[in-house]
Amino acid sequence: MINAAQIEEILKQYKKHGWTLRRVLLCAQTQEILQNSLETLFCETPVVSSETDAVWFSRASAGGDETWELRRLSASPFALVEVFHADDDEDVREETRRDIEKLVSAK
């Protein structure tokens, strides 16, 4: 299981490369373990109950697009990336993010 110090390092790494933390997905067990660190780690970023532990980041891409990356927080980390076009509807974006979350939960 990942600890607060490891999560902090991941967040620093992404911030260094221009990514913005957008959403945090945590299972009940991880939320309980991190309960005293949640506000410090994630500030005002929404924490959502999930079957897996992961974080959503975003950053601007070429041509007005926006790249979102879901980074799994686990012993075997990986990330999935989606590029949204400037004219993509927010409902479509959210549905796509939910689909990506399902893929990460299934791994």
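Test each condition in (1) at pLDDT 90 or above; (2) exposed (fewer than 15 other Cβ atoms within 10 Å of the Cβ) for ARG72 and report the one that comes out false.
Checking ARG72 against (1) at pLDDT 90 or above; (2) exposed (fewer than 15 other Cβ atoms within 10 Å of the Cβ), the one that fails is (2).
Looking at region 52-107, which of the residues that are in a loop (DSSP other than H, G, I, E, B) and of a type in the set (A, V, I, L, M) is nearest to LEU25 (Cα to Cα)?
My answer is LEU73.
Matching residues to (1) among the charged types (D, E, K, R); (2) over 14 Å from the mean Cα position of the chain (by Cα):
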| site | (1), (2) |
| --- | --- |
| ALA62 | no, yes |
| GLU66 | yes, yes |
| SER76 | no, yes |
| ARG93 | yes, yes |
| VAL104 | no, no |
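Could we say that ASP88 is touching a Ser or Thr at 6+ places or on another chain (Cβ under 9 Å), touching a residue at least 40 places away in the same chain (Cβ under 8 Å) and farther than 17 Å from HIS17 by Cβ here?
Here the answer is no, as ASP88 does not meet what is asked.
Checking SER74 against (1) free of Cβ contacts under 8 Å to residues at least 12 places away in the same chain; (2) within 15 Å of SER105 (Cα to Cα): exactly one of these is not met. Which one?
(1)
Only one residue in LEU25, LEU41 is in contact with a helix residue (DSSP H, G or I) (Cβ under 9 Å, 6 or more places away or on another chain), of a type outside the set (Asp, Glu) and touching a residue at least 60 places away in the same chain (Cβ under 8 Å). Which one?
From the options LEU25, LEU41, the qualifying one is LEU25.
Among the numbered criteria (1) closer than 20 Å to ARG97 by Cβ; (2) exposed (fewer than 13 other Cβ atoms within 10 Å of the Cβ), which single criterion is violated by GLY63?
(1)
Can you name the residue in region 1-51 that is assigned to a loop (DSSP other than H, G, I, E, B) and of a type in the set (Ser, Thr, Tyr) and, of all such residues, is nearest to ARG97 (Cα to Cα)?
SER50
Would you confirm whether or not region 37-51 contains a residue that is closer than 15 Å to ASN3 by Cα, of a type in the set (Val, Ile, Thr) and surrounded by fewer than 16 Cβ atoms within 10 Å (Cβ to Cβ)?
Yes, region 37-51 contains a residue that is closer than 15 Å to ASN3 by Cα, of a type in the set (Val, Ile, Thr) and surrounded by fewer than 16 Cβ atoms within 10 Å (Cβ to Cβ).
Using beta carbons and a limit of 9 Å, which pairs, at least six apart or on different chains, have the first residue in region 1-21 and within 15 Å of THR40 (Cβ to Cβ) and the second one exposed (fewer than 13 other Cβ atoms within 10 Å of the Cβ) and at pLDDT 95 or above?
These pairs meet every condition: LEU21/LYS15.
The values are calculated or read from the model by the stated rules, or taken from the named source; none is laboratory data. Here the structure is a predicted model, which means the values were calculated and not measured. Cβ atoms come from the backbone with ideal geometry, glycine included; neighbour counts cover every protein chain shown.
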